[in-house]
1. Can you list the HN-Hα couplings for region 131-140, worked out from phi with the Karplus curve (6.51, -1.76, 1.60; θ = phi - 60°), rounded to whole Hz and with x for Gly and Pro?
2. For the chain, what is the convex hull volume of its Cα atoms per residue in Å³?
3. Exposure proxy check: Tyr14, Tyr42, Tyr256, Tyr115 ranked by fewest other beta carbons within 10 Å?
4. Taking a ≥ b ≥ c as the square roots of the Cα gyration tensor eigenvalues, with a/c under 1.5 meaning rounded and otherwise prolate when a/b beats b/c, else oblate, which class fits region 1-142?
5. Quick check of the Kirkwood formula: for region 102-246, what is the inverse mean of 1/r over all pairs of different Cα atoms, in Å?
6. How many percent of Cα pairs in region 73-129 exceed 12 Å?
7. Can you run phi through the Karplus equation (6.51, -1.76, 1.60; θ = phi - 60°) for region 336-345 and list ³J(HN,Hα) in whole Hz, with x for Gly and Pro?
8. Sorted by average packing, counted as other Cβ atoms within 10 angstrom per residue and highest first, what order do 321-328, 93-100 take?
Amino acid sequence: MSTPQPTSDPFGVYLHVPFCAKRCDYCAFATWTDRHHLIDDYLDALIVDIGRHSRLDHPRTMPAADTIFVGGGTPTLVDPSGLARVIEAIPRAADAEVTVECNPDDVTPAMMRTYAAAGVNRVSIGVQSMAPHVLLSLGRTHVPANVERAVDAVRSAGIPTFNLDLIYGGAGERLVDWERTVSGALALQPTHISAYALTIEAGTPLALEPERHPDDDDLADKYEVADAMLTAAGLVNYEVSNWARPGHECRHNLVYWHQGDYQGFGCAAHSHRGGRRFWNVRTPDRYIDLIRRDEPVEAAGEELPAEERRMEGLQLQLRLREGVPREALDGDELPGVVELHDDRWVLTQRGRLMANDVSLRLR
Ligand SMILES: C[S@@+](CC[C@H](N)C(=O)[O-])C[C@H]1O[C@@H](n2cnc3c(N)ncnc32)[C@H](O)[C@@H]1O
Ligand code: SF4
């Protein structure tokens with residue numbers, strides 16, 4: 001393997017694992033439940049693809065990764081040592097953040113030890129809810145006790161930091177269920193919590209059942225409750241849907257939110273290199289086949305015009321605690337929605353609930 005090039009801006013690597021035991025009926029991610037026979041070939045293809053991008057004669061040689069994020073799908077569905085081999089094939093900086101998304105059902109102490117030995121120093125656990133009836137209505141397979149076991153396994157392996165992923169707005173979720181979810185999550189003392197409103201994605205079974213869709217006022221109440229509880233526990237909101245203990249913000253997501261460069265590996269993975277965005281073929285079958293034939297796996301790409309790129313950058317900054325430069329918004333017209341900090345407009349809690357509307361006013 002060639003020596004990675006040094007770089008000043010953080011560089012991210014995303015690995016996509018497109019396999020799940022069961023598809024949640026709200027999820028539109030590129031994942032399959034009937035292609036597990038492809039797993040070994042898929043992991044081999046990832047290693048070949050990473051090796052090609054590590055060579056100096058590749059048109060887009062990768063610098064050493066500052067952040068690696070293994071997402072899915074369900075990375076914990078594949079053999080941990082197989083996944084560890086793929087992670088170890090990625091050239092990375094000595095202090096790189098290396099995250100794996102974990103489904104609570106799958107996590108074992110041995111799996112976490114294998115990950116830790118491969119350099120994984122952060123996991124993100126898909127908790128979603130601590131209320132069994134809400135987990136059922138979301139179509140999840142785990143129960144809250146699995147989450148506690150998973151967190152114990154993470155700690156016992158010495159993995160220093162972890163995120164808990166929560167969803168609010170599932171059918172049958174009362175405000176008190178959501179409060180219990182947030183307090184149950186906090187009791188596990190995570191360094192990071194993501195809380196996303198259940199989004200209705202076109203083409204999913206949930207999209208066809210309007211009676212199970214969340215209500216906007218209910219979502220707003222739940223956001224406010226979560227923000228108050230998480231803040232009181234010492235987690236700081238640093239992006240509309242993300243809270244962290246200072247120093248534990250997700251560096252990988254910050255690469256995305258700061259429009260940094262990243263390389264995606266695997267089917268349906270997206271990349272952004274030198275102002276160009278591109279994405280890979282969608283299915284694992286096609287990805288494996290193209291890698292075997294030594295052909296490009298890119299499905300399509302685009303170069304954003306400078307003005308669109310600037311506006312997109314402002315929209316992303318607006319969602320972050322750093323906010324947007326004063327001249328990018330007429331914030332005086334939005335009292336209670338944005339506040340001026342160090343000459344930048346930053347969303348208030350009420351403003352965070354209206355981030356998309358405020359985005360329309362950026363200039
Ligand atoms: C795509 S999953 C991958 C990790 C893992 N399979 C899991 O479910 O936790 C990453 C996160 O996206 C969330 N997610 C997927 N579809 C969503 C939707 N329609 N609305 C809100 N969150 C969603 C999942 O619940 C999960 O926390
Ligand atoms: S939410 Fe996670 S577990 Fe459920 S189908 Fe999507 S990727 Fe798979």
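Nothing in this text is a laboratory measurement; each read-out follows from the coordinates by a stated rule. None of the values given here were measured: they were computed from a predicted structure. Positions of Cβ are generated from backbone atoms using ideal geometry, with glycine treated the same way; all protein chains shown enter the neighbour counts.
1. 9, x, 5, 6, 4, 5, 5, 7, x, 7
2. Values: hull volume 51.7 nm³, N = 363.
Dividing the Cα hull volume of the chain by its residue count gives 142 Å³.
3. On the way: Tyr14 22, Tyr42 25, Tyr256 17, Tyr115 28.
Exposure proxy ranking, most exposed first: Tyr256, Tyr14, Tyr42, Tyr115.
4. Values: a/c = 2.14, a/b = 1.82, b/c = 1.18.
The shape class here is prolate.
5. On the way: mean 1/r = 0.0636 Å⁻¹.
Mean inverse Cα-Cα distance, inverted, gives 15.7 Å.
6. Numbers: 1029 of 1596 pairs.
Cα-Cα pairs in region 73-129 separated by more than 12 Å: 64 percent.
7. x, 9, 10, 10, 8, 10, 6, 6, 10, 7
8. Values: 321-328: 16.9, 93-100: 19.2.
Listed from highest to lowest mean packing, they are 93-100, 321-328.
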